[in-house]
Structure formats: structure tokens, C-alpha cells
Amino acid sequence: MSDKGKIVLAYSGGLDTTVILHWLAERGYEVIACLLDIGQKVENLDEIGERAKRNGASTYFAVDAREEFLQDYFLPILHANCVYEGRYLLGTSIARPLIAKHQVRIAHETGATSVCHGATGKGNDQVRFELGYQALDADLKIFAPWKHTEFINEFSAGRQSMLDYVATHGLEAKASKSKPWSSDDNLLHISYEAGVLEDPWVTAPDEIFERMTHPTQAPDEVERFIIHWEAGVPVKVSACTSKPGIVEGVEVDVYDSGETLAEGLLPVFEYCDQAGARNGVGSLGMVETRYVGMKSRGEYHAPGHTLLLDSHRDLEGLTLTGSVIAEKERRMSDFSALVYNGYWFDPVAECHRAFTAATQKFVTGETRVALYKGNVFVEGRRSKFSLYDAEVATMDGQTESYRQEDAAGFIRLHGLPLRVKQKVQGQPQGGEDI
């Protein structure tokens, strides 16, 4: 037994966590490496785990959490149409509570008394990890090296001091040639920040387009396919078939579902991600507000998430009432901020998820998407639960379903407070010169 007991480290096999692992072991911890496959582009997890053991870990746990990530974490934020500060799709934010959950689970299984992450003391991830640990087991000790004075002093020179440490101790680390930025990836996206990107005026270099085609280099042809949804879940992708037809005297292409291209949540997500990537969909650069208060510039590439979010919102427009859509929009920014700031396990976030889940019952149907040079066009949508009634919506003719005469009383009632105000208090702003 090591002097300081067992500690479960969120381990990636990269430079930072390799140094942290060995540094902890040198100081008397028995380090257990927790490796999660959540879709990041890495080598075999068992190979990383064996390397962790050679670098000082007593053992490792390798977990394929891709399905869990999509089912229990991605779907709730998709169903809520979450975007942070109106733009960011939360790809990194939503992964952290899942990692924290498995660290706590492994701690319980192994009798570990501490958990550890490699996030810095400046970013959001430290908050997300540590709030997750506290919510799941208040008795676990938390070790955050980048808030530990001895660790900071030893590695204050940054990457070079870590490379020197690896060389000195003969460690094995996946430390590729340094690039002037850092990145983090999973199924939902890849993010880039720091280095050359710290100047908000600098254009993101083309070299960061590792997992997607730059929109200007995307194919010159439109790519179409149909996404099939059941209660808000994308369950299948099928090809489009088309034939010429005539609708209301206009010649149009009539589309229908063809062969199945992918089926099941994970295969569907991966298909959409690859299709979006090759068509330049999902690139975003922005300056955001970190929870710790500072502004941060990030570049995010999320092809599949972007495509599915646009499609999901479109199908909701067909199948949800206006009042439910309005309530979802009102709640979305609050829920997004909770996810971004690390409060996934907070009771109010649980309440948001319960509300959102209740809205998805009738979000079933198909969306036909067209991808072209960074753009997503939802060209068609249909559902057996569609609230669109052509007889009501048509501009042609008069039916008992909607009598235009009824609109007079409707508008007059809504105008009552405006009429009273004008008579009592005079002209509204902008009408004084009438």
C-alpha cells in the first residue's frame, strides 16, 4: 500500500497526464488510471493503459463510453437545443461530468480515497470536474496538481519543463511536435485554443482543420440524405431517391427515403459527423466568457452536432406547439449556462432535463438535409404528429377550420391596452408628431 493511499487519475496518455501520473506516484500515491473512450481520436485504450502502468500506475480501467456519452449526455443537450452564449455547442463541457462519474465509480470499486484531474486553474474544466466529484461523493478528496504550489513551481516553464521531466525519468508519453495551440476532442467536436489563437484578431490557421474540410475546400456538389427521428432521437439515416413531379402546377423534385445508410444512435451520429465534415459543416470561432470570469477565444469543429441540431430544431417546429417552443427557448440559455459552468449534477439541471424530456414525445418523423460548403439546409420535414394543417394554413379559399372574420375580434381584444393607454397617457414614443 502506498503511503498516501489510492488516487484515480483521469488519464489520456498525453504529456500532461503522464507527468502528473508519475509525479503523484513519486509522492506516495497508488495511481489508478481512468481511460474513457468518448470518441476522441486516440490509439487503443489498452495500449495507453499498459503505458500508464509502465509510467507508474498500479492498474488502469479502460471504458468504452461512447454510447453512454451520446445517450445520457448528448441527447439531453440536443433535446434542449443547447448553445452557450448563442453559439457554442458545449462539446467539451458535456464530456466532463461523464469522466468524473466514471472516476468516482472506479474509486468506489477500488477503495480509492482521492480523485485527480489535469485541468489548469484558469479554465472551466477544473470547475466541471470538481463539482462533479463533490456531487457524486462528498467524501472523496480532490487533488488538482495545477493548483498545488509544488507542482506549479516545478512546471512553471510549461511544456518544455514537462518534456524535460519525461526525458529525465524515462517516461513514455504521446508528446507530438508542439503546435502553437492546444486541442481537445471527443465524438461531438474538437476544440482549439491558446497559442496563436490567443489573439482574437488572428485568423485560425488552416492546419487546425484536422477532422473536417475547410468550407472553401468542400465539394461543389450538394449532398442530401434523410434523418429519421423517434421521440427526439436520430435513429436512422437513409439515402434520398428523387423523381420529377408537379405540385400546385409547379415542376419540382419529389424526394423519398432510399437505402439505409446508418442505423442506431452511434452509427447515425458518426455518419452525420463524417458527412458534415467532408462538406465543411460546423466550424465556429468565438470569444466566450469563462466561468472564472475571463474572456477566452476558441475554435470549435462540430460537424455532426451542428447538422443534427439544425435538423432537430426544424422537426420540433413541425411537431411542437408554439407555447412549448417558446418555453424551451426561454429555458435554453439557463440550462446551457449550467452545463457550461459544470452544474450537470445540480438539482436544477436535473429539473431542466426532466422538462426537456417531456417535450420530445411527438418529435418523430423525418428531416431531409442538404449539405453544401459549410451550410446545412433542411429542405423538407414530415411527421405523423405534424401540427401543420394545410387546410388551415392555405391562402386559398375559406373553410370552417379558420374563418378570417374571427381575426377582427382577436386583434381588437389584443389592442385594448394600447387603445386605453393612448387615450389616457397620449401618444406612444415615435407617434408624438402625428
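The values are calculated or read from the model by the stated rules, or taken from the named source; none is laboratory data. Given the structure is predicted, the values throughout are model-derived calculations rather than measurements. All Cβ positions, glycine included, derive from the backbone under ideal geometry; neighbour counts span all protein chains shown.
If I ask for residues that are in contact (Cβ under 8 Å) with a residue 60 or more places away in the chain and of a type in the set (Val, Ile, Thr), which ones from region 324-372 would you list? Listed by number, the residues that qualify are Val339, Thr356, Thr359, Val363, Thr364, Thr367, Val369.
In region 238-264, the residue that is farthest from Arg66 (Cα to Cα) out of those that are of a type outside the set (Gly, Ala, Ser) and surrounded by 15 or more Cβ atoms within 10 Å (Cβ to Cβ) is Tyr255. Taken over region 361-420, the residue count meeting the criterion of being within 30 Å of Ala275 (Cα to Cα) and among the hydroxyl-bearing types (Ser, Thr, Tyr) is 6.
In region 381-401, the qualifying residues are those that are touching an Asp or Glu at 6+ places or on another chain (Cβ under 8 Å) and surrounded by fewer than 17 Cβ atoms within 10 Å (Cβ to Cβ), and the one that is nearest to Pro219 (Cα to Cα) is Arg382. Output yes when any residue across region 169-178 is in contact (Cβ under 8 Å) with a residue 40 or more places away in the chain, among the acidic types (Asp, Glu) and in the same structural domain as Ala100 (by TED's automatic domain parsing), and no when none is. Looking for residues that are in contact (Cβ under 8 Å) with a residue 40 or more places away in the chain, among the acidic types (Asp, Glu) and in the same structural domain as Ala100 (by TED's automatic domain parsing), one finds at least one in region 169-178, hence yes. Scanning region 299-318 for residues being small (Gly, Ala, Ser) and surrounded by fewer than 20 Cβ atoms within 10 Å (Cβ to Cβ) gives a total of 1.
The test for being among the aliphatic types (A, V, I, L, M), in the same structural domain as Ser161 (by TED's automatic domain parsing), in contact (Cβ under 8 Å) with a residue 40 or more places away in the chain and surrounded by 23 or more Cβ atoms within 10 Å (Cβ to Cβ) holds for Ala107. Applying the condition of being part of a strand (DSSP E or B) and under 30 Å from Leu188 (Cα atoms) to region 1-22 and asking which residue is nearest to the chain's Cα centre (by Cα) yields Ala10.
In region 265-293, the qualifying residues are those that are over 19 Å from the mean Cα position of the chain (by Cα) and at pLDDT 95 or above, and the one that is surrounded by the most Cβ atoms within 10 Å (Cβ to Cβ) is Asn279. A single entry from Ala57, Ala52, Ala25, Ala33 fulfils the requirement of being in a strand (DSSP E or B) and either touching a residue at least 24 places away in the same chain (Cβ under 8 Å) or surrounded by 15 or more Cβ atoms within 10 Å (Cβ to Cβ) (or both): Ala33.
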